[in-house]
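For reference, the structure discussed in these notes is given below.
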């Protein structure tokens, strides 16, 4: 990391921490009634709290860095004049949030021309805040973390997620059916960002999911990578397969998924 990049990261990370915490506390005020906005399909929706959290995050960032760009899941979009673009998922795990389940989070990354420079994932219901700086390691509640290593496929605990478009689930079911007899077990937590962070701290040995957007993985993938895991987005187009795993396991998971027929 160059001195200039280090200086920039030291400015961006505290802002990401502050804004993620503020949005997380806003979301902890879970309403008794939800206003739902349908997105890609009927079961893919946003709540009024997704929108409120994104508005808070965008306004807070631009108040301090008005020349930065924004990419937000709920529609916030702004071209960067500074070379820094913030990639925001104001409420990753909306279905968990809607049903009152834990693990939903606020995911915020700031990227430059080389990719994510800083990333913060804040999940208040599980008392977890992950952060990472490119070239500076990854941390969970300020304790440095490392991904698991030397885990064989048959001893691996693997996380995944399912698409909102039910037509895409046929392939995902085939992947799970193929892997399940060959691994320790499979978990479906409901949040891509937290799943990636769990790979980074060894709470999962690997994770895969197809069709993620940049805001789903921008912060979590940086945490996993800086913790020593391998992360890749395989294929082309919007249905790329995201795979993350600790050293020695990544290629085994990738190869196992490549053999799936559906």
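Readers should treat all values here as calculations from the given coordinates under stated rules, not as data from a laboratory. Note that the structure is a prediction, hence the values are computed from the model and not measured. Ideal geometry is used to build each Cβ from the backbone, glycine not excepted, and the neighbour counts take in all protein chains shown.
Extension gain for residue 63-residue 34 works out to 7.6 nm (0.36 nm per residue, less the C-alpha to C-alpha distance). Grouping the Cα pair distances of region 3-144 into 5 Å bins from zero gives a pair-distance distribution of 2, 10, 21, 23, 19, 14, 8, 3, 1, 0 percent in increasing distance order. Ranking of 143, 171, 255 by neighbouring Cβ atoms within 10 Å, starting from the fewest: 143, 255, 171. From least to most packed, judged by other beta carbons within 10 angstrom and beginning with the fewest, 111, 65 follow the order 65, 111. Expressed as a whole percent, the proportion of Cα-Cα pairs in region 143-262 lying more than 22 Å apart is 24%. Normalised Debye scattering of the chain at q = 0.12, 0.16, 0.17 Å⁻¹ gives log10 I(q)/I(0) of -0.68, -1.20, -1.34, counting only Cα atoms as equal scatterers and leaving out solvent. Taking every DSSP helix (H) stretch of at least 4 residues in the chain, weighting each as -39,500 (n - 2.57) and dividing the sum by the residue count yields a mean residue ellipticity at 222 nm of -11000 deg cm²/dmol. Between residue 180 and residue 260, the distance separating the two model label sites (each 7 Å from Cα on the Cα→Cβ line) works out to 1.2 nm. Result for the chain in a Gaussian network model with C-alpha springs under 10 Å: among 140, 33, 198, the largest mean-square fluctuation is at 33.
Return the single residue from 164, 99, 207 with maximal mean-square fluctuation; model: Gaussian network over the chain, springs between Cα atoms under 10 Å. Its mean-square fluctuation being the largest, the pick is 99.
Going from the residue with the fewest nearby Cβ atoms within 10 Å to the one with the most, 35, 236 rank 236, 35. Just checking the listed ones, 249, 234, 13: in the Gaussian network model of the chain with Cα springs under 10 Å, the one fluctuating most is 234. If a spin label sat at a point 7 angstrom from the Cα of residue 82 along the line to its beta carbon, the backbone N atoms of region 54-75 nearer than 12 Å would be those of 60-70.
Beta bridges per DSSP, both residues in the chain: antiparallel share near 80 percent.
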